[in-house]
Structure formats: C-alpha cells, structure tokens
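Shown next, in structure tokens, is the structure this report addresses.
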Amino acid sequence: MVIDFTGLPPKSQASGTRAQTDNNRVGDQAQPQTPSAPRAGSAAEVRLSEAAQALQGADKALADTPEVNESRVQALRSAIESGSYEINYERLAQRMVDFESTLD
C-alpha cells in the first residue's frame with residue numbers, strides 16, 4: 001500500500017482533474033493569478049543582508065580552503081615511518097571522555 005504524503009497527484013494524473021479542481025471550484029469566478037513578467041526596461045535589484053553577505057563570504061573562504069592539510073599529513077606520515085611519533089594516552093583518554101559527554 002502506497003501512502004501519498006505530498007498531496008500531489010501521481011505523474012500520470014498531473015494534468016488530470018485533481019490539479020484543476022482546486023483552482024476551479026463551483027461558483028468560484030476568480031481567475032488564477034499568474035506572476036507577471038518583469039517589464040522591458042525595468043531593472044530588478046536584489047540586496048543581501050549583512051548576515052547573508054557574511055555567510056556568502058564564509059562559504060567562499062571554505063571553498064578556497066583545502067579539505068586536507070597536506071603538510072600536516074606528510075609530517076605525521078614521516079613521524080610514524082621513522083618511529084618518532086608518540087601517542088599521549090592521557091590526552092587521548094581525556095578527549096574521548098570530553099567527546100562522550102557531548103553525546104548526552
């Protein structure tokens with residue numbers, strides 16, 4: 001059994017009666033409203049809020065930032081291969097506890 005949560009008709013019925021009956025009720029003489037196209041010669045102007053501009057700037061900065069810090073990866077790889085990489089177990093344990101407390 002299929003349940004339609006959208007309230008929209010299936011694609012096969014998209015041009016059928018359901019889409020038309022909502023706009024053409026009995027006794028309803030109002031014409032459906034259609035958005036008017038911009039007039040020739042008129043200029044549309046869009047202004048972004050300061051928050052939107054800040055978000056746009058942050059998005060650009062994020063796009064310009066590499067996903068992986070290659071120099072850090074290379075330094076860690078070299079330390080592991082040479083055997084000089086040491087794990088601070090107390091720091092690791094504390095970070096695990098801190099992370100676990102954020103999940104509650």
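Each residue of the stretch 91-103 in order: what ³J(HN,Hα) in whole Hz does its phi give by Karplus 6.51 cos²θ - 1.76 cosθ + 1.60, θ = phi - 60°, with x for Gly and Pro?
Each residue of the stretch 91-103 in turn: 5, 4, 4, 4, 5, 5, 5, 4, 5, 4, 5, 6, 7 Hz.
Which number do you get for Rg(Cα) / (2.2 N^0.38 Å) in the stretch 50-102? List each step's numbers first, then the result.
Details: Rg = 17.8 Å, N = 53, 2.2 N^0.38 = 9.9 Å.
That ratio works out to 1.79.
Just subtract the alpha-carbon distance of Arg95 and Ala79 from 0.36 nm times their residue separation and send over the number in nm, one decimal.
3.6 nm
How large is the dipole of the stretch 50-102 about the Cα centre if only Lys and Arg carry +1 and Asp and Glu carry -1, each at its Cβ, rounded to the nearest 20 debye? Write out the running numbers ahead of the final one.
Values: 5 positive and 10 negative charges, 25 e Å.
About 120 debye.
Values in this text are rule-based calculations from the coordinates and carry no lab data. As the structure is a prediction and not an experimental result, all values here were calculated from the model. Quick reminder, even Gly has a Cβ in these numbers, built from the backbone with ideal geometry, and neighbours come from all protein chains shown.
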